[in-house]
Every structure is written in structure tokens, then in C-alpha cells.
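Asks: Sending over a structure as C-alpha cells; questions will come in a sec.
The values are calculated or read from the model by the stated rules, or taken from the named source; none is laboratory data. This structure is a prediction, so every number in the text was calculated from the model and none was measured. With ideal geometry, Cβ positions are generated from the backbone for all residues, glycine too; neighbour counts draw on all protein chains shown.
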Amino acid sequence: MSFLWTTSDLIAAMHGRPMGNLPEGITGISIDSRSLDKGEAFFAIKGDRVDGHDYAGIAVANGAALLVVSETKLPALGRVIAPMIVVDDVLEAMVRLGCAARDRSAAKIIAVTGSVGKTTTKEMLRHVLEPSGRVHASVASFNNHWGVPLTLSRMPENTDFGIFEIGMNHADEIRPLVRMVRPHVAIITTIAAAHLGNFKDLEEIAAAKAEIMEGLVDDGHVILNRDNEQFETLEKTANALAVAHIHSFGSSAKADFRMVEFTGGSEGAVLWAALDGKTLEIQMGAPGRHIAENALAVIGAASLVGADMDAALAALATLQPEKGRGARHRLAIGSASFVLIDESYNANPASMRAAISLLKDTELPEGGRRIAILGDMLEMGEFAGKVHAELAAPLVEAGINEVWLAGPEMAHLRDALPEDAHVEYRQTVDELKEFALGSIAAGDGVMIKSSKGTGCGRIVSALLDTYPPYSGTERVE
Ligand SMILES: Nc1ncnc2c1ncn2[C@@H]1O[C@H](COP(=O)(O)OP(=O)(O)O)[C@@H](O)[C@H]1O
Ligand SMILES: [Mg+2]
């Protein structure tokens with residue numbers, strides 16, 4: 001049996017007080033009593049909504065090897081009988097454990113931040129590095145004050161590549177997280193209007209993302225997006241912080257990891273990338289120019305951490321677009337089919353544009369309509385009206401025939417679209433869902449996107465519940 005941590009190392013790293021008959025070690029760490037596997041330690045942290053101490057009993061019933069609980073909550077746990085490590089504060093103890101995990105590790109560490117594309121890039125790194133060694137990466141978007149120390153604490157000692165997503169809603173959030181992670185390579189995917197409500201302008205967002213460079217190891221690398229309008233700002237910061245190696249990616253002729261050409265398609269794409277003086281033709285398993293842009297940063301990082309590059313490049317051909325981030329479904333309607341592109345995970349102006357371009361590149365049969373079903377982008381503060389209205393131009397340029405909208409902010413887009421656009425507007429997502437269920441036809445290509453909180457995912461679910469997967473052989477030419 002190999003342990004993630006021996007109990008004695010756990011106690012030492014967390015400065016904890018052992019209580020009860022503790023096992024020799026733990027096989028994993030869980031903060032969720034429902035998904036806990038037998039043999040794991042349950043850390044009773046206070047999450048976004050609930051306090052883990054209230055679920056300690058369930059964790060024990062589900063086979064927790066031990067509990068990590070806080071001294072002040074101990075009296076309230078009177079009836080829970082289990083081996084425990086008692087600490088001052090469970091989250092702070094997890095931070096100390098995360099730092100111990102980093103200290104004991106010989107892995108190459110990559111940290112990813114940016115306004116969009118963090119999870120996509122992190123998962124792509126996982127995928128391309130897997131042929132080169134043992135990879136440990138964040139689960140889902142575990143990128144915040146508990147997600148980062150949790151991911152670190154879970155990193156096995158024999159990891160070869162550690163990949164960490166680091167996010168933020170406010171200034172000063174990335175700094176403490178990246179100081180725990182101490183990456184060899186930091187990637188900033190792009191700077192765009194996300195959480196704009198919390199910032200004055202893009203420069204402020206760039207400054208907050210730039211904090212990721214403050215945690216780099218001494219001889220560290222940063223990879224910046226050369227095509228982004230904040231590139232110069234970020235490069236200046238990198239120089240001011242004396243970052244040892246500054247690299248860039250993008251279409252710009254000056255980019256180190258450069259997109260020479262890109263050909264989009266429905267199911268994939270071809271990227272020609274220049275790297276170290278060579279131009280490589282790379283098959284991409286997932287479509288979208290934005291995915292290929294992320295891939296440039298991924299290729300750059302992979303080469304900097306010493307990956308097997310042939311294997312890494314080959315792996316890009318087997319990428320799959322993820323649920324909510326471009327996953328495609330061909331659904332049966334009558335004896336024919338339509339295509340659903342699920343972009344419902346989240347939205348901001350940059351990812352909306354990327355998704356519109358995905359829909360544009362989707363090949364459809366004669367007569368098939370390109371339909372964008374869009375809901376509000378949240379957290380845009382005073383810029384909300386403007387950023388919604390500004391989606392009119394990319395929609396028109398992409399030749400999207402049908403624009404179906406829901407939500408108060410999308411009224412700004414409705415008003416900004418030209419007279420001859422086919423627009424449907426509903427106040428609520430549920431009203432738009434009913435309309436969509438009655439209006440999609442054979443041959444259509446439907447892309448659905450909104451901020452998570454707006455809930456256009458419900459339209460995706462309704463379509464998946466209503467229309468079965470298409471099993472016919474009809475081809476789209
Ligand atoms: N480089 C990019 N530019 C624009 N949109 C992107 C980019 N990378 C990913 N996206 C899109 O942005 C959305 C969020 O992607 P995700 O990788 O989950 O970002 P994050 O983790 O930063 O929130 C998805 O719709 C995805 O397809
Ligand atoms: Mg994410």
C-alpha cells in the first residue's frame with residue numbers, strides 16, 4: 001500500500017495534535033464527505049457554503065481514515081468517534097501541508113492563470129505531459145484559496161509534472177497562492193474583461209494576473225500572450241520582477257511559440273506552429289482558434305519542462321473539447337440531426353467571441369442555420385451594457401443567421417443587432433428554453449453560452465433530454 005502521506009509526516013507538516021488510534025497513513029485527501037474514498041483523510045474546511053465539521057460524521061461513515069479538525073470545533077464533534085488530527089485552523093493546516101508537499105517534490109511545476117482558458121490549458125497540459133511522466137493536476141477549476149492548497153496537498157511525492165490552475169476575482173489573491181506553488185513555469189493565457197466589476201480597467205486586471213510571476217522559482221520562466229493588448233504591461237512587470245526567462249506565444253511575428261497558420265474545422269483543426277526555428281504541422285483534436293492559441297502556450301511549457309515533444313504534439317490530436325467548453329453533440333431530430341455545441345460553462349467577452357467563431361467554423365448541410373443561444377455575462381459592473389452590445393459585430397461578421405437571447409443584459413445586444421438580423425429575445429432563460437425546444441430544425445448548428453450563474457446550461461440539458469444522440473450515418477459536407 002502506498003500512502004499519499006504517512007500520519008507522522010501529516011502531523012509534523014500541519015503541527016497537529018494526534019487523537020485516537022491513528023492509521024499508519026492516508027491514501028488521499030478529501031474535503032467533501034460525499035465523494036470521499038475509503039482510506040482518505042477528511043479535512044473539515046469551511047467551504048464557500050458549508051462547514052466541513054458538520055459533515056464529519058458522514059465522512060467517518062464513508063470510510064475516512066482520519067479527520068483533520070479544528071481545536072475550537074472539537075467540543076461540537078463530541079459524538080463523532082474517529083481518529084483525528086486536531087489543528088488550530090484546518091485551512092491553514094492544509095496550506096502548511098501543501099507547502100510540505102512542494103518542499104518534498106522534485107516535480108517540474110507549471111502554474112496557469114489568465115482571464116479565460118485556465119482550465120482548458122491546464123487539461124491540455126495534463127494530456128500532453130502524460131506520455132512523459134506522472135502528472136498531477138488540479139481537479140476541475142480548483143484554483144482559489146482552498147483549491148490551490150488542496151491540489152498541492154494531494155500531490156504525490158513521486159510526481160514528475162505538477163500543474164496548477166490559479167484564479168482570482170480580486171487583486172492580491174494570486175500572490176499568496178503562487179507563493180505556495182512556486183512554479184518553474186508560469187503561463188498567463190490572456191487578459192480580458194472578466195470580473196470587470198471588481199476592477200477599474202484591463203490594466204488593473206493585468207496587474208492582478210501578473211502576481212503569478214512573484215512566486216516563480218529563481219530560474220523560472222513566464223509565458224505571455226504576445227497578441228494580447230496587455231502584453232507590454234506584463235512584459236514590463238516581468239522585467240521589473242527580474243523574471244529569469246520571458247517567453248511569448250501568439251500570431252505575432254515576435255512570438256517565441258508562434259502560430260504560423262491555422263485551419264479550423266468542425267471536429268478539429270490544423271495548427272502550423274513555429275518553435276525553435278522549426279515549423280510543425282499539428283493536428284488538433286478539438287476545434288477553435290482559441291484552443292490552438294492555448295496549445296501554443298502548452299507546447300512552449302512542455303518544451304521548457306523537458307517533455308517528450310513528439311509524444312506531446314501527437315497527443316494534441318486526441319484532445320477532446322470538454323463539457324461546457326465546446327463539447328459537441330449530434331442529436332437526432334426526426335430522421336435527421338442537428339449539432340449542439342455546449343459552451344455553457346461560463347462566458348465573458350473573450351470566450352463569447354471564441355465560441356461565435358467556433359460556430360462559424362462548424363460545417364452544416366445545405367439549409368442548416370447557425371444559431372447562437374446566448375445569455376447574460378455576469379460581473380461586468382458598469383461595463384455591462386457596452387460589452388453585451390459589442391457582441392453584435394462578431395456575430396454579424398461570422399454570419400450567424402439566428403441570434404436567440406435571454407436575460408436583462410442581452411437586451412443591449414438585441415438593440416445593437418442590425419434590423420435584418422433574426423433575433424429572438426426572452427426575458428428569462430426558461431422562456432428561451434421553451435422557444436428553443438420548439439424551434440430547432442434538422443441541419444441546424446446550435447451554440448449555447450452564458451455565464452454559469454445565468455444558467456444557459458439548462459437549455460443544453462433540456463435539448464439533451466429531448467433529443468437522443470444521432471446514430472445515423474448522414475454526413476455533413
Ligand atoms: N484563449 C482563449 N480565448 C478565448 N476563449 C477561451 C480561451 N480558452 C478557452 N476559452 C473559452 O473560455 C471559456 C472558459 O474556459 P476555461 O478554460 O474554463 O477558462 P477558465 O478556467 O479560465 O475559467 C470556455 O468557453 C472556453 O472554450
Ligand atoms: Mg477554470
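Asks: Considering the range 161-173 alone, what residues qualify as being within 17 Å of the chain's Cα centre (by Cα) and part of a strand (DSSP E or B)?
Replies: Within the range 161-173, Gly162, Ile163, Phe164, Glu165 meet the criteria.
Asks: Which residue, of Gly220, Gly197, Gly265, is touching a residue at least 24 places away in the same chain (Cβ under 8 Å) and closer than 28 Å to Ala100 by Cβ?
Replies: Gly220
Asks: When the range 37-51 is examined, which residues are found to be modelled with pLDDT of 95 or more and small (Gly, Ala, Ser)?
Replies: Gly39, Ala41, Ala44
Asks: Report yes if some residue within the range 122-129 is surrounded by fewer than 24 Cβ atoms within 10 Å (Cβ to Cβ), within 17 Å of the chain's Cα centre (by Cα) and more than 26 Å from Gly300 (Cα to Cα); otherwise report no.
Replies: no
Asks: Would it be correct to say that Leu196 is of a type outside the set (Ser, Thr, Tyr) and either within 16 Å of ligand 1 (Cβ to nearest atom) or in the same structural domain as Leu378 (by TED's automatic domain parsing) (or both)? First the steps, then the outcome.
Replies: Values: of a type outside the set (Ser, Thr, Tyr): yes; either within 16 Å of ligand 1 (Cβ to nearest atom) or in the same structural domain as Leu378 (by TED's automatic domain parsing) (or both): yes.
Against the criterion (of a type outside the set (Ser, Thr, Tyr) and either within 16 Å of ligand 1 (Cβ to nearest atom) or in the same structural domain as Leu378 (by TED's automatic domain parsing) (or both)), Leu196 qualifies.
Asks: Here's a follow-up. So which residues in the range 130-141 are buried (at least 21 other Cβ atoms within 10 Å of the Cβ) and under 12 Å from the mean Cα position of the chain (by Cα), if there are any at all?
Replies: Result: Ala137, Ser138.
Asks: Among Val135, Val139, which is the only one that is closer than 30 Å to Ala315 by Cβ and within 16 Å of ligand 1 (Cβ to nearest atom)?
Replies: Values: Val135 fails: within 16 Å of ligand 1 (Cβ to nearest atom).
None of the others qualify; the one that does is Val139.
Asks: Further question on the same structure: So which residues in the range 325-369 are more than 19 Å from the chain's Cα centre (by Cα) and part of a loop (DSSP other than H, G, I, E, B)?
Replies: Matches in the range 325-369: Gly334, Ser335, Thr362, Glu363, Leu364, Pro365, Glu366, Gly367, Gly368, Arg369.
Asks: A further question follows. Check Val139 against each of (1) within 16 Å of ligand 2 (Cβ to nearest atom); (2) in contact (Cβ under 8 Å) with a residue 60 or more places away in the chain; (3) of a type in the set (A, V, I, L, M) and name the one condition it does not meet.
Replies: Of everything listed in (1) within 16 Å of ligand 2 (Cβ to nearest atom); (2) in contact (Cβ under 8 Å) with a residue 60 or more places away in the chain; (3) of a type in the set (A, V, I, L, M), Val139 misses just condition (2).
Asks: Among the residues in the range 149-160, are any within 13 Å of ligand 2 (Cβ to nearest atom), buried (at least 24 other Cβ atoms within 10 Å of the Cβ) and within 19 Å of the chain's Cα centre (by Cα)?
Replies: yes
Asks: Could you list, in sequence order, all residues of the range 323-351 that are near ligand 1 (Cβ under 8 Å from one of its atoms) and touching a residue at least 60 places away in the same chain (Cβ under 8 Å)?
Replies: Gly324, Arg325, Glu343, Tyr345, Asn346, Ala347, Asn348, Ala350, Ser351
Asks: Something else now. Tell me, yes or no, whether the range 8-15 has at least one residue that is touching a Leu at 6+ places or on another chain (Cβ under 8 Å), buried (at least 22 other Cβ atoms within 10 Å of the Cβ), outside any loop (DSSP other than H, G, I, E, B) and at negative phi.
Replies: There is at least one residue in the range 8-15 that is touching a Leu at 6+ places or on another chain (Cβ under 8 Å), buried (at least 22 other Cβ atoms within 10 Å of the Cβ), outside any loop (DSSP other than H, G, I, E, B) and at negative phi.
Asks: Could I ask something else about it? Taking the residues in the range 93-132 that are assigned to a loop (DSSP other than H, G, I, E, B) and over 15 Å from Glu165 (Cα atoms) as candidates, determine which candidate is nearest to ligand 1 (Cβ to nearest atom).
Replies: Among those residues, the one meeting the criterion is Ala107.
Asks: Which of (1) more than 12 Å from ligand 1 (Cβ to nearest atom); (2) farther than 19 Å from Gln320 by Cα; (3) part of a loop (DSSP other than H, G, I, E, B) is the odd one out, the single condition Pro149 does not satisfy?
Replies: Pro149 satisfies every listed condition except (3).
Asks: In addition: Which one of these does Pro394 not meet: (1) in contact with a Leu (Cβ under 9 Å, 6 or more places away or on another chain); (2) not in a loop (DSSP other than H, G, I, E, B)?
Replies: Among (1) in contact with a Leu (Cβ under 9 Å, 6 or more places away or on another chain); (2) not in a loop (DSSP other than H, G, I, E, B), the lone unmet condition for Pro394 is (1).
Asks: In the range 228-253, which residues are of a type in the set (D, E, K, R) and either over 22 Å from Gly117 (Cα atoms) or in a helix (DSSP H, G or I) (or both)?
Replies: Selection gives Glu232, Glu235, Lys236.
Asks: Considering only residues that are away from ligand 1 (no atom under 12 Å from the Cβ) and either touching a Pro at 6+ places or on another chain (Cβ under 7 Å) or among the acidic types (Asp, Glu) (or both), which ones fall in the range 285-311?
Replies: Listed by number, the residues that qualify are Asp308, Asp310, Ala311.
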